[in-house]
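Below: one structure in structure tokens.
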Amino acid sequence: MRFATMAKPVGSYCNMSCSYCYYLHADSGQDMHTLRMSDEVLEAYIRSYMEASSEKEISFTWHGGEPTLAGIPFFEKALSLQKKYLPEGRYCVNAIQTNGLLIDDDWCRFLKNNRFEIGLSIDGTRMIHDLYRNDAGGSDTYNRVRSALYCFEKHGIRPDLLCTVTAETAASGRSVYQTLRNYHTGWIQFIPIVRRDAEGSVTVDSVTPQAYGRFLKSVFQEWITHDLGKMNVQLFAETALLLSGKTSNVCWLSETCGNILIVEKDGSVFACDHFVDRDHRLGNLLETPLREMAASSFQTEFGQAKKNLTQECQKCPWLSLCHGCCPKDRFVIREDGIGQYYLCEGLKMYYEDAVPKLRKAMEFSTQGRSQSEIMKYFRQK
């Protein structure tokens, strides 16, 4: 089977303390006493993943917590192990997701020289970012993240920007998008924040379905009238991909899930990064090969369960574009006893507005009309 992994070399350890982070208090049952993945676990991970991968490109994604806390020597070791176990005729790609606080010239040179793909977390405007994304001591971080962006730019690196959508973000969609666009990185991913308290109520910082829909519509309007072909927004790109008859590149829009395993610093492997808990622990790669855990009946059932949809979902005209979205947020119980995606109404608002326009843009493109002409058409409309 085809599957991918996200490895957390320092687990959930981080030099930031974002108020909405779902890793900080995760009960995974793993060993929390070691700061960093050991050489033994690292080698076992790379060897097991190489043995399980069938694709010509073998992709390693380093996540956290904050993976740069592992240090450059850790990643140098990882690269040397990749070369050691790389099958003939194959090649490796590495990606890292960072908060940017440790990024300096040394990190940029290392990442650039080794062709890492980079994701940088930044929550749009300074006010919104500093509201939620403080360092471990409670200090603001926006200026430090922006310095990381400038350091990347100096070294010719264009990171993907990851921005969360909270209640505050949703109220400032256009300004958030424009701020991120003006960094000229070429790619933005918006991640909705939905959290629940101990009683199961949605927290006040979470984005509501209606606010999420308004946010997506305002960002889409700005994008299709000014940035078509110049800036990619993940949800818009995925929508266009699905409209063209292809399959989604992201799990939450796919028909099934469960094909991205989480590897923790002690070698523990979990079903999904939203389900790093004792109930979804598949085993430890020091004891069980990754291929075996990925193909286990538990993981298969976990992924196939995404097809368990409400009657409302099954009748929805947009089902082929979202497939019910992420199971993590399917907690709105319907009469049939099945959970509905909490942000469903917001996504419907987006699809109703964006899909006709994307279809028109795709039609114009096949006719040979330039992106400038297409954007002008939508500005006039």
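The values are calculated or read from the model by the stated rules, or taken from the named source; none is laboratory data. Just so we're clear, the structure is a prediction, and the values are computed from it rather than from any experiment. No Cβ is skipped: glycine too gets one built from the backbone with ideal geometry, and neighbour counts run over all protein chains shown. Just so you know, the surface numbers come from the protein's heavy atoms only, side chains and all, with ligands and any DNA or RNA stripped out. Shrake-Rupley method; radii C 1.70, N 1.55, O 1.52, S 1.80 Å.
Counting pairwise Cα distances across the range 103-175, what percent come out greater than 21 angstrom?
Details: 867 of 2628 pairs.
The share of Cα pairs beyond 21 Å in the range 103-175 comes to 33 percent.
Right, next: Compute the accessible area per residue over the chain, keeping the other protein chains in place, probe 1.4 Å, unit Å².
47 Å²
Ok, one more. Once you have the alpha carbon radius of gyration of the range 227-381, what is it after dividing by 2.2 N^0.38 Å, with N set to its residue count? Write down the numbers at each step before the final one.
Details: Rg = 19.2 Å, N = 155, 2.2 N^0.38 = 15.0 Å.
Expressed relative to 2.2 N^0.38 Å, the Cα Rg reads 1.29.
Report the calculated FRET efficiency for Arg90 and Leu241 (r = Cβ-Cβ distance, R0 = 30 Å), to the nearest 0.05.
Values: r = 26 Å, r/R0 = 0.86.
It comes out at approximately 0.70.
Related question: Once you list every other residue whose beta carbon is under 9 Å from the beta carbon of Ile122, what net charge do they have if Lys and Arg are +1 and Asp and Glu are -1?
+1
If you don't mind, there's one more thing I want to ask. Any idea of Glu301's accessible area? Nearest 10 Å², probe 1.4 Å.
Spelled out: Glu301, probe radius 1.4 Å, area about 120 Å².
Note down the Stokes-Einstein diffusion coefficient of the range 62-111 in µm²/s, whole number, using a Kirkwood radius over alpha carbon pairs, 20 °C, and 1.002 mPa s.
178 µm²/s
Still on this structure: Can you check what the net charge comes to around Trp252, using other residues whose Cβ is under 12 Å from the Cβ of Trp252 (Lys, Arg +1; Asp, Glu -1)? List each step's numbers first, then the result.
On the way: positive: Lys306, Lys328, Arg330; negative: Glu238, Glu255, Asp273, Asp329.
Around Trp252, the surrounding residues sum to -1.
How large is the helix-only mean residue ellipticity at 222 nm for the chain, computed as the sum of -39500 (n - 2.57) over DSSP H runs with n ≥ 4, divided by its residue count, in deg cm²/dmol to the nearest 500?
-12000 deg cm²/dmol
Next up: Mean Kyte-Doolittle hydropathy of -1.0 or higher plus an axial Cα length of 15 Å or more: which whole DSSP H helices in the chain meet both? Walk me through the intermediate numbers first.
Values: long enough: 39-52 (19 Å, -0.28); 72-85 (20 Å, -0.21); 142-154 (18 Å, -0.63); 209-226 (26 Å, -0.44); 344-366 (31 Å, -0.51).
Long hydrophobic helices here: 39-52, 72-85, 142-154, 209-226, 344-366.
How large are Rg and Dmax for the chain when only the alpha carbon atoms are used, in Å?
Just the Cα atoms of the chain yield Rg and Dmax of 20.9, 62 Å.
Continuing with this model, one more query. Please give the contour-minus-distance gain from Phe331 to Tyr150: 0.36 nm per residue of separation, less the Cα-Cα distance, rounded to one decimal in nm.
Values: separation 181, 0.36 × 181 = 65.16 nm, distance 4.06 nm.
Taking 0.36 nm per residue and subtracting the Cα distance, the gain is 61.1 nm.
Within a Cβ distance under 9 Å of Leu101, other residues only, what is the Lys/Arg minus Asp/Glu net charge?
Details: positive: Arg144; negative: Glu66, Asp135.
Net local charge, Leu101 excluded: -1.
Would you mind telling me which residue in Thr288, Thr208, Thr169 has the biggest mean-square fluctuation in a Gaussian network model of the chain, where springs connect alpha carbons within a distance under 10 angstrom?
Thr288
Within the range 280-309, what residues put their amide N at less than 19 Å from the label point 7 Å along the Cα-to-Cβ vector of Val250?
From the range 280-309, the list is 306-307.
Then there is this: With charges set only on the Cβ (+1 for Lys and Arg, -1 for Asp and Glu), what does the dipole of the chain come to about its Cα centre, in debye to the nearest 20? Please list the in-between numbers first.
Numbers: 44 positive and 46 negative charges, 307 e Å.
Computed about the Cα centre, the dipole is about 1480 debye.
A further question follows. Could you check how much of the accessible area of the range 46-122 is carbon and sulfur, as a whole percent, using a 1.4 Å probe? Spell out each step's value before the answer.
On the way: 1480 of 3380 Å².
Carbon plus sulfur share of accessible area: 44 percent.
Find the Rg to Rh ratio for the range 327-367, where Rh is the Kirkwood radius over alpha-carbon pairs and Rg uses the same atoms.
Details: Rg = 15.5 Å, Rh = 12.2 Å.
Rg divided by Rh gives 1.27.
List residues of the range 280-298, by number, whose backbone nitrogen lies under 13 Å from a label position 7 Å along Cα→C-beta of Glu40.
Under 13 Å, as judged by backbone N against the label point of Glu40, lie 285-287 of the range 280-298.
Same structure again: Quick one: work out the % antiparallel among DSSP beta bridges in the chain, nearest 5.
25 percent
Rounded to the nearest 0.05, what FRET efficiency do Ser19 and Asp277 have when you use their Cβ-Cβ distance and R0 = 25 Å?
Numbers: r = 20 Å, r/R0 = 0.81.
It comes to 0.75.
I would also like to ask the following. If you count only protein heavy atoms and use a 1.4 Å probe, how large is the accessible surface of His63, to the nearest 10 Å²?
So the heavy atoms of His63 present about 40 Å² to solvent.
Given a Förster distance of 45 Å, report the FRET efficiency between Arg359 and Arg2 from their Cβ-Cβ distance, rounded to the nearest 0.05.
0.90
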